[in-house]
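The values are calculated or read from the model by the stated rules, or taken from the named source; none is laboratory data. Worth saying up front: this structure is predicted, and the values here are computed from it rather than measured. Glycine also receives a Cβ, built like all others from the backbone with ideal geometry; neighbour counts cover every protein chain displayed.
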Amino acid sequence: MERTYVIIICILINSCIYSQNQSEWAPIGAKWTYDYPFSYGNALSYITIESVSDTIIQGISCKVLKQTCVVDASLNRDFYTYGYQDSVWLFDGSIFRLLYDFRAETGNTWEIYGPNFYGVGSICDTLTNAKVDSTGIEEINGNNYNYLFVSFQEFEWQFSLCNSFGNKISAKFGSYGYMFPLQICMIDAPYPCELRCYEDPEFGHYQITTYDSCTYEHGVGVKEIDQSSSIKVFPNPISDYMSIDMVENFTTAQLEIYSFDGRILKNIQLEAGHTVLNLSDFKSGCYFLKFNVDHKFSQSRIIKL
């Protein structure tokens, strides 16, 4: 009899721990707010994703997640996801594909799906492999949740360009970066950054950002350069040398080059006409260019082979 009680107690304890680490994925009213730097270092806004309703796709009950970008309506769209046995699945338009797998252990890999952020017409891939680097349990709002740190097996895949948390995924709300992994494949396009805040009616509010508000903005409405007619950057991708042609007249022109994680690497005063920069000491990867020409701004991306 005593042994039976011990077994029952162990089962109850394990059930309690298990339930603390489980939670409904994307309950109605759940809302995520993400950084959206759209003029690198000068303009910052935000993107929200909100669970607005249930729907049935291919016989599966799933959540409708509505994405809204306050400065670029072309990014407004719906996603369809569901949670099942410690995993989250995302509809790709034809089938559901695995997004998060919280059953995975250190060293495990899975094929991960990330939607084409810029939709029809872009060349971004949507499938890659994620590898679990480490796992753990963290306390958020008084409850314990599993988390994973993952790495991607292909170049240019990230959950977040900012990378403050690395590719960390919480079993409660998903990635600490953007909700979905993205291939950074469109050179001149801005991408969402890291999670600012998460909330849902039962869980409450969880603010990660150091901003005073989840909806903080700066530099919105700054004057931007028409780079297609004013600045020519070539080739792209580059090997060792990058050329810049300043097509129009100006008083002052400055170029800053940033690393993938936001560190400034070069600050150059540009002259009129043609400039050649030696970037042979840069590692292979993606870099940001920020131009300031007579207090008008523009951003670009280059790939170093």
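Just a few scattered comments:
- Sub-9 Å Cβ pairs linking a first residue in segment 69-97 that is not assigned by TED's automatic domain parsing to the domain that holds residue 115 and modelled with pLDDT under 90 to a second residue that is of a type in the set (Asp, Glu) and assigned to a loop (DSSP other than H, G, I, E, B), at least 6 apart or interchain, are 70/217; 71/217, ordered by first then second residue.
- Residues of segment 228-237 that turn out to be at pLDDT below 75 and out of contact with any Asp or Glu (no Cβ under 8 Å at 6 or more places or on another chain), as a count: 1
- Residue 100 buried (at least 19 other Cβ atoms within 10 Å of the Cβ) and either modelled with pLDDT under 95 or under 28 Å from residue 190 (Cβ atoms) (or both): yes
- Failed item, numbered, when residue 191 is tested on (1) in contact (Cβ under 8 Å) with a residue 12 or more places away in the chain; (2) out of contact with any Leu (no Cβ under 7 Å at 6 or more places or on another chain); (3) not acidic (Asp, Glu): (2)
- Restricting attention to segment 278-305 and to residues that are buried (at least 17 other Cβ atoms within 10 Å of the Cβ), touching a Ser or Thr at 6+ places or on another chain (Cβ under 6 Å) and hydrophobic (A, V, I, L, M, F, W, C), the residue that is nearest to residue 246 (Cα to Cα) turns out to be 291.
- Check on residue 275, part of a loop (DSSP other than H, G, I, E, B), surrounded by 15 or more Cβ atoms within 10 Å (Cβ to Cβ), out of contact with any Leu (no Cβ under 6 Å at 6 or more places or on another chain) and at pLDDT 85 or above: no
- Of residues in segment 238-249 being of a type outside the set (Val, Ile, Thr), surrounded by 12 or more Cβ atoms within 10 Å (Cβ to Cβ) and not in a strand (DSSP E or B), the one modelled with the lowest pLDDT: 248
- Within segment 250-271, the set of residues being modelled with pLDDT under 85, farther than 19 Å from residue 155 by Cα, part of a loop (DSSP other than H, G, I, E, B) and touching a strand residue (DSSP E or B) at 6+ places or on another chain (Cβ under 7 Å) comprises just one member, 250.
- Search result, residues across segment 111-159 that are over 19 Å from residue 173 (Cα atoms), of a type outside the set (D, E, K, R) and either at pLDDT 95 or above or not in a loop (DSSP other than H, G, I, E, B) (or both): 127, 128, 129, 152, 157
- Pick from segment 278-305, criterion assigned to a strand (DSSP E or B) and among the small types (Gly, Ala, Ser), ranking: farthest from residue 263 (Cα to Cα): 298
- Scoring residue 80 on the criteria (1) assigned to a strand (DSSP E or B); (2) under 16 Å from the mean Cα position of the chain (by Cα); (3) aromatic (Phe, Trp, Tyr) leaves a single failure, condition (2).
- Count of residues meeting criterion [surrounded by 10 or more Cβ atoms within 10 Å (Cβ to Cβ) and under 28 Å from the mean Cα position of the chain (by Cα)] in segment 255-272: 12
- Among the residues making up segment 103-160, a single one is surrounded by fewer than 16 Cβ atoms within 10 Å (Cβ to Cβ) and among the aromatic types (Phe, Trp, Tyr): 155.
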